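Taking it in order: structure first as structure tokens, then the write-up.
The values are calculated or read from the model by the stated rules, or taken from the named source; none is laboratory data. Note that the coordinates shown come from a computational prediction; the quantities given were computed from them, not determined experimentally. Neighbour counts are summed over all protein chains in view; Cβ atoms, including those assigned to glycine, are modelled from backbone coordinates with ideal geometry.
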Amino acid sequence: MIHNSGIIKVMSKIRILLADDHAVVRAGIRNALRDLPDLEIVGEAGDGPALFEALAQMQPDCLLIDVTMPDFEPITAIRQIRARYPRMKILVVSAYDDDVYVHGLLAAGVDGYHLKDQPLSDLRLAVQRVLAGERWVSSSLVGKLVSYKDASSPPLTTRQRDILRLLKQGLDNQTIARRLDLSVKTVENHLTRLYRQLGVQSRLEAVHYVMQHPEVLSMSREAVHSPSVSSKVSVQQRVTILLVDDNARYRRQLQRMIGRVCSRAIIYEAENLVEALHLTRRVAPQLVLLDVILGEEDGICCTRRIKALSPQSRIVLISAYPDREFHRLGMEAGAVAFLDKKDLDAATLHQILDDMVA
């Protein structure tokens, strides 16, 4: 190409990295792309560590990857790669056609998803389209994806959320079964469906997904609004609420109560200080209902730290053992109210929520 200045500029080739744990597949992809002009395959990787090393060394323009490689956690790793190399194009070439799995990867930042059973001509077209800045999805997947509602936050049942919380605590299937009064086989079946919904393949990936998307543990209450209870909040806006209590049964009781008062509440749960702070960083809740005593932890300290992270959050301290000193310390820490748990009923919650928009 000759510019007005007369200087000839040599067009550099687009650098492509192949990542697949099967050498035969990599060779097939290499052959399929051989005839495309201005492309250069600069390297190959067969597992997660090799891929990250190759990315750092070669700085490719495009990554063609089968995310089911050894030592590679698809959703988490793709997010990391996207964060480190925001301009690099990522095309997944996979044998899996599960729509939830595809959505999870698209939401994580890939530019395209191509099925291995498609003709090689389609693979060449997929690469060209992705490099041109378009989003590519194999035609056989399009119908499934159109009907899928929310890729980043798949709706879970109450039982699935309970299992996911216990999974996050590092409990094994036997312990989870005992905690929930289920058989081990039932827990295993729940986990299989849960992995598919989240687009993950292992316990570790599921836990990482929850850390990145705490909203999957939240509960939207739009379906359980009671028409007999009018509230400015339920009519006008969505409210983000964080429940911090080490008693799972009481948290569920609060969820039901909030559902009767505020139809659009998005409810998150934490049972300790670490979870509460993590969720505060992620979602900056508008309202926090916080037990003063969290096992062996201090709810007053938790209040201070939540306020430091999210000054706009309104914190209401609750306790089954009301104490004047707790009340004083809680107000000093930044809470707006201190309530006895037995006084926290639907009418009180209604008032708290209405006060937020007054």
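Out of all the residues in the stretch 64-97, which are basic (Lys, Arg) and in contact with an Asp or Glu (Cβ under 7 Å, 6 or more places away or on another chain)? Within the stretch 64-97, just Lys89 meets the criteria.
Among the residues of the stretch 292-329 satisfying the criterion of being in a helix (DSSP H, G or I) and in contact with a Ser or Thr (Cβ under 6 Å, 6 or more places away or on another chain), which is farthest from Val244 (Cα to Cα)? If we take residues in the stretch 292-329 being in a helix (DSSP H, G or I) and in contact with a Ser or Thr (Cβ under 6 Å, 6 or more places away or on another chain), then Leu309 is farthest from Val244 (Cα to Cα).
Residues that are among the basic types (Lys, Arg) and within 25 Å of the chain's Cα centre (by Cα) within the stretch 282-313 comprise Arg282, Arg305, Lys307, listed in sequence order. Those helices (runs of 4 or more DSSP H) of the stretch 83-190 in which 3 or more residues are modelled with pLDDT of 85 or more occupy 120-131, 158-168, 173-180.
Starting from residues that are in a loop (DSSP other than H, G, I, E, B) and not charged (D, E, K, R), keep the ones in the stretch 330-349 and report whichever is nearest to Leu309 (Cα to Cα). Give the derivation first.
Step one: filter the stretch 330-349 for residues in a loop (DSSP other than H, G, I, E, B), giving 334-336, 344-345.
Adding the requirement that they be not charged (D, E, K, R) leaves 334-336, 344.
Numbers: Gly334: 12, Ala335: 14, Val336: 16, Leu344: 26 Å.
Filtering first and then ranking leaves Gly334.
Among what's in the stretch 279-296 and is of a type outside the set (A, V, I, L, M, F, W, C) and buried (at least 17 other Cβ atoms within 10 Å of the Cβ), pick the residue that is farthest from Leu349 (Cα to Cα). Ranking the qualifying residues of the stretch 279-296, first place goes to Thr280.
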